[in-house]
Amino acid sequence: MTMEQDTLLGLLSATAAGDKQAFAALYKQTSGQLFAVSLKMLGRRELAEEALQEAYVKIWHNATEYQHGKGLVLTWMISIVRYRALDMLRYHKVRKEDQFEDGQEATFEAPMSDEGPDVTKTKLDDCMGELEPQQKQAIHLAYYNGLTHHEVVGHLDLPLGTIKSWIRRGLQQLQRCLTL
Amino acid sequence: MNYRDPELRDALAAEYVLGTLRGQARRRFQTLMMQFPSLRESTWLWEQHLHGMNERLAPIEPDQAVWQHISQRLGFTLANADTRVATDKTNTVHEQSSESLKQPQSNVVSLSSFKTRLWQGAASFATAAAIILAVVLVKQQSIDIPVAQQVAVVQGAESQALWLIEVTDNSIEVRSTSNFTPLANKDYELWMIAKGIENPISLGLLPKSGQLSLPKDSQFDAVDIVALAVSLEPLNGSPNGLPTEVLYTAELAVL
């Protein structure tokens, strides 16, 4: 992680100075990860690519604004593509329930690789593991798939108030665990 | 509401980052972040908390066209570094060309086959405008190959293409065509005529045949170029730094 951060920080600094080759290298190293994020959220390839494109245009223009307080370079970049995807979800009113029903989700499902012996558990994994299974599922649906509270209701078949408080309490618990 | 209340601040920031804060609430939060630095910091912290979840997503390679669109939107080629100022200066034009590239591309021909046909001296010559349009359409960008930002076609008295000039990030690529019959005891020099600068600035000698890469004058991107000109000179170029006899001029088109 540190090595990756050093590499990406170097590339981003050079990008901030207008180095196009560094920006191309940054794209090469990170676009697969960012695309997985936007595809998972938007479900449709053409929208996911649009979000990706706009995110990198923004990254180029805002490279000078990155600062350590914003977290790792990759975290900062992921935020940019996520917020763009969230804007698009609202704008295009992508109906997530439909996707789940007609099986599109399976087509563009980004594989989850949290099983297997080669996966290093992070603190986040440990803390997520401490949540109630349904709490964890609600947070996953909201985070990965960009579902609203209402859409999570449609997916888990529980009252809206329950979903809202689960997510809220789940996040509180997560924070307590992460900042321990 | 008291946005200085840490618990409320955290709850809002967490749902903002999670993505469950939507619509008006989301917009309002974005405005509040500008007003309250503590809210912004809370948000950054939550981004760090949650975005680790993405490490569980296996990377998926996006289509190559995404990178092409990005570099077109930003108006650059990637072989060489350039200044941000020069990029921004041409942004408007590139926005337009990227719009045109969103059109169906069935009429796209490959640059190499286009060039081959051009250099083979096929009977009819497109006008400079048509050639430039074609170059725009075939502007297939890749990370490794320098691609022209600007192009010009130097035409003779009968509108025949004599040289094709492509300006890349740090060079000017010139090719002479078979239409061009050079004088053995003369050289041909390329100049740029810039707004507000009285004398033309020499860009170098043109090839009498084949292809030549000229270094890009440091002023090239900084000035407003009205036209390019080709002059007839004694061997080795202008003796006094000014064009001896201007033969042709050509307009430079931004891609």
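For peptide A:66-74, the mean count of partner chain Cβ atoms within 10 Å of a residue's Cβ comes to 3. Counting only other chain Cβ atoms within 10 Å of each residue's Cβ, the peptide A:32-44 averages 4. Here the alpha carbons of the stretch B:6-56 define both size measures, Rg and Dmax, at 10.7, 34 Å. Under 5 Å from the amide H of B:Leu252 lie the amide H atoms of B:Leu228, each residue being 5 or more positions distant or on a separate chain, with H modelled from the backbone and absent for Pro and chain starts. Near A:Ser31, once Lys and Arg are set to +1 and Asp and Glu to -1 for all other residues with Cβ below 12 Å from its Cβ, the sum equals -2. Chain B and chain A together bury an accessible surface of about 5700 square angstrom, both sides counted, with a 1.4 Å probe and no ligands or nucleic acids included.
Please label the shape of the stretch A:1-77 as rounded, prolate or oblate, based on the square roots a ≥ b ≥ c of the eigenvalues of the alpha-carbon gyration tensor (a/c under 1.5 means rounded; beyond that, a/b larger than b/c means prolate, else oblate). Prolate, since a/c reaches 1.5 and a/b exceeds b/c. The HN-Hα couplings worked out from phi for the stretch B:13-25 by the Karplus form 6.51 cos²θ - 1.76 cosθ + 1.60 (θ = phi - 60°) are 4, 4, 6, 5, 6, 5, x, 8, 7, 10, x, 4, 4 Hz, whole numbers, x standing for Gly and Pro. Sorting A:82-89, B:185-192 by their mean Cβ neighbour count within 10 Å, with the most densely packed peptide first, gives A:82-89, B:185-192. Please compute the net charge surrounding B:Gly237, taking Lys and Arg as +1 and Asp and Glu as -1 over other residues with Cβ under 9 Å from its Cβ. Every neighbour counted, the sum reads -3.
The values are calculated or read from the model by the stated rules, or taken from the named source; none is laboratory data. Because the structure is predicted, anything quoted here is derived from the model rather than measured. Please note: Cβ atoms are built from the backbone with ideal geometry, for glycine as well, and neighbour counts cover all protein chains shown. Note: accessible area is taken over every heavy atom of the protein model, side chains too, but ligands, DNA and RNA are not part of it. Shrake-Rupley method; radii C 1.70, N 1.55, O 1.52, S 1.80 Å.
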